[in-house]
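Working notes, structure below.
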Amino acid sequence: MANNEKLFDMFSPTSTEDWVAKINVDLKGADFNKKLVWRTNEGFNVQPFYRRDDLKEISHMGTLPGQFPYVRGTKDNNDWLIRQQIQGETPEEVNKEAIHAIDRGVDSIGIHLSREVTLEDLKVIFKDIDLKKIEVNISCCMGKAVEVAKLLVEFLKANNLENEFKGSIDYNPFKRLLRHGLPFPKEIKADAKAMYEAVKEVKNLRCYAVDSYMLNNAGAYITQELGYALAWGAEWMTLLTNEGISVCEAASRIKFNMGISSNYFMELAKFRAARMLWAEIVKAYGAEEECCKMMVHAITSQFNQTIYDAHVNLLRSQTETMSAALAGVDSIETLPFDLQYKQPDEFSERIARNQQLLLREESHLNKVVDPAGGSYYIETLTASIAKVAWELFCKVEEEGGFLSLLEKGEVQKSVNESGVKRHNDVARRKEILLGTNQYPNFNEKALDKIEKNNCGCGCGCGEEITDGAVESLIFDRAASQFEHLRLDTERSGKRPKVFMLTIGNLAMRLARAQFSANFFGCAGYEIIDNIGFNTIKEGVDAAVEKGADVVVLCSSDDEYAVYAPEAFKELNGRAMFVVAGAPACMEELKAQGIEDFIHVRVNVLDTLVKFNAKLLN
C-alpha cells in the first residue's frame, strides 16, 4: 500500500519572514542587506537564500525542454558539438589538421580562410571528411563571404549534401565598427540579400552572425552582452524581412556566437534567458513557435585569460565550458590555455578538446537536459538576467536600433566603460585573477615564452582610420596591466628584494607577511619571508644583510605606534620602508616621514607601478 505521507509533516511550515528574523538574530545587529545581499555588476541584487515562493512570479516555470519559449532548451537532449578552430596556411594543411582533430573527438570545426579560395581548394579542405556528421563553420573577410558561400554551396550540391550539411559562414559586417570603428558598408542590404540567395538551397547553412563574444572579450557584463546580442539579432531580423525574406527563413539563418565568462551560475542562467528572450522577439515578428529557436555557439572568454600562471586558464575555461554545457547550448569552443602568448600547439589543443570530452564522455553532462531547471537560485537568476537584458534591448530599440547606436559608437562606448571598471576592480582586487593579482607564482618568468604577435581577426585590418571612424572596442584583457608591470620587472634585468620584518603579535605578523608577499609578488619581486624577530634592530640588520630593496613591517595595529618609528629610524633610508596595514596611528606615522602603507583598500596596481618607477630606474 502506497504511503503518501509527506516528509516532516509533523513540523509546521517556516515562512521566509521567519528565516529572515532568525538570520537577523545571528547577524547581531548588522544590516541584512549590506552584509548578505550581493549587489552584482549585472544590475540586480542576489539574495543569500531562495525559496519556492520566489518562483511564483516566474512566467516560464512549468515548461519542458523543447517547448516554447525554450528556456529549458530547444531540444529534448543535451548533446552539444565540440568545436576546434583549425590552423593551416594551405588547403592541404587545413585538411590534415581537421582530420587530426576529428579523429580525436571533435565534431565541429572552425576554418578561417585568410586568402582567396577556389572550388578546388574546398575539395582539398574537405577531402575524407564526412560532412554528414561534421559541422563546418567558415569565417573570412566580409568582402569575400558571399563568394565563399557560393563556392561552398556549389561544392555541397555537387556532392548531394545540401540537405544533410550543417554549418555556418560568419557573415558579420558589424565587425568593422566594433573592432576598428570603421564606417559601416552602405551596400549591406544588397550584400545581405545576396548572401541569402547564395545559401538558400542549403537548409542548415546559417550565415548571419551575432558575434557577441566580441563584447565579452572587451569586458562586457553578462546582461550587457545579452541585451546587445538580442538587439543585434533583431537588427538582422528587421533587415532581412524588409528585404522580402520570410520571418522563419530569416530566423533560421541567424547564429549567435556568444562568450562565456567565469561567473559560473550567471552564465548558465544567461543562456537560458537568451533562448527565452530570443523566442519572444522572433515570435513578435509573426513567426510560428517552431521557428523561434535560438542556435547558440559558446566560446570561452579571452578577457580573463592570463600569461603568467597560464595553466590556471584551464580552470577558468573548464568552469566556463561547464556553464555552457549545462545550459544546453548547441556547440562549444574551449580555447587553448596558451592562446595569449603563442600559437596553440598539439598539447594545448589536445587539452582543450579533452576538457569537453571529459564533461561529455566521463561526466555525462550530455545525458541530462537542463539539470538546473527548478533550482530556486538559477531560475531566479534566469529571470533577473532576462529582465535587465530586456530593458537594455528595449532601450536600444527606442534609440533607433543596434546599427544606429553602433554607428554612433554608443555600444562600443558602453562596453568599454564596463571594461575600464573591470580593470579598476582587478587593480583593487575586487575581481580576482588567480596567479596574476592574487597568489602569484613569485619566481615565474614569462618574457621568454611570449611568441605571439598581436593578430587581427576581422575585416578592416590594416585599413586606414578615416574621419568617419567612431570609437571601437578595446580588447585589453583583465590581466594586461599587471602583466605589463611584471614584464617591465623582467626586462629591467633587476629583481627587487622585499624583506618581511615580522615582529610582535604572532597571528597578525604572519597574516600581514602573507598579504604583503602576495602584494609585491604581483610585480615579480623576490620575496624574503621570516618567522619573526625579537627586536627591530635584529630585523633591520637581517634585511640589510640580505640586500633588501624594500622592508615591510608586519605586526599588529596596536604595536605599530612603537615599532614603525623605531624601524624607520633604524633603517635610515637604506631601503624603502612599508607598513603592512592601515593602523589608527597612520597619520601620526606619516607625520614622522613614513609614506608607504599597503592594505586591502589600496589600488594594488597603481601602488606597484610607483614602486617599479622607484626601484627599476
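The values are calculated or read from the model by the stated rules, or taken from the named source; none is laboratory data. Given the structure is predicted, the values throughout are model-derived calculations rather than measurements. So basically every Cβ, Gly included, is an ideal-geometry build from the backbone, and we count neighbours across all protein chains shown.
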Exactly one of 562, 540, 550, 544 is among the aliphatic types (A, V, I, L, M) and either within 22 Å of residue 445 (Cβ to Cβ) or under 36 Å from the mean Cα position of the chain (by Cα) (or both), and that residue is 550
Checking 123, 144, 157 in turn, the sole residue that is in a helix (DSSP H, G or I), within 34 Å of the chain's Cα centre (by Cα) and among the basic types (Lys, Arg) turns out to be 144
Of the listed residues (89, 97), the one being assigned by TED's automatic domain parsing to the domain that holds residue 300, acidic (Asp, Glu), part of a helix (DSSP H, G or I) and without any contact (Cβ under 8 Å) to a residue 40 or more places away in the chain is 97
Taking the range 162-175 and keeping residues surrounded by 16 or more Cβ atoms within 10 Å (Cβ to Cβ) and either not in a strand (DSSP E or B) or not aliphatic (A, V, I, L, M) (or both) leaves 162, 165, 166, 167, 168, 170, 171, 172, 173, 174, 175
Of the residues in the range 264-295, those that are under 28 Å from residue 420 (Cβ atoms) and either hydroxyl-bearing (Ser, Thr, Tyr) or crowded, with 21+ Cβ neighbours inside 10 Å (or both) come to 264, 266, 267, 268, 269, 270, 271, 273, 274, 277
The one condition residue 189 fails out of (1) assigned to a helix (DSSP H, G or I); (2) modelled with pLDDT of 95 or more is (2)
Of those in the range 299-321 that are without any contact (Cβ under 8 Å) to a residue 60 or more places away in the chain and either under 18 Å from residue 359 (Cβ atoms) or not assigned by TED's automatic domain parsing to the domain that holds residue 108 (or both), the residue surrounded by the most Cβ atoms within 10 Å (Cβ to Cβ) is 300
Contact list, first residue from the range 523-538 and among the aromatic types (Phe, Trp, Tyr), second anywhere and surrounded by fewer than 20 Cβ atoms within 10 Å (Cβ to Cβ), beta-carbon distance below 6 Å, six or more apart or interchain, is none
Selection from the range 323-347 of residues of a type in the set (Ser, Thr, Tyr) and surrounded by fewer than 19 Cβ atoms within 10 Å (Cβ to Cβ) yields 341
Apart from one, (1) touching a Gly at 6+ places or on another chain (Cβ under 6 Å); (2) among the charged types (D, E, K, R); (3) under 28 Å from residue 449 (Cβ atoms) all hold for residue 370; the odd one out is (3)
From the option list 74, 16, single residue qualifying as surrounded by 14 or more Cβ atoms within 10 Å (Cβ to Cβ) and modelled with pLDDT under 95 is 16
Within the range 371-404, residues of a type in the set (D, E, K, R) and surrounded by fewer than 20 Cβ atoms within 10 Å (Cβ to Cβ) come out as 387, 391, 395, 397, 398, 399
Within the range 89-120, of all residues that are more than 14 Å from residue 140 (Cα to Cα) and among the small types (Gly, Ala, Ser), the one farthest from the chain's Cα centre (by Cα) is 98
Over the range 587-606, the set of residues without any contact (Cβ under 8 Å) to a residue 60 or more places away in the chain, within 21 Å of residue 514 (Cα to Cα) and in a helix (DSSP H, G or I) is none
Among strands (runs of 3 or more DSSP E) entirely within the range 250-341, at least 1 residues that are under 21 Å from residue 478 (Cα atoms) and of a type in the set (Val, Ile, Thr) occur in 254-260, 296-300
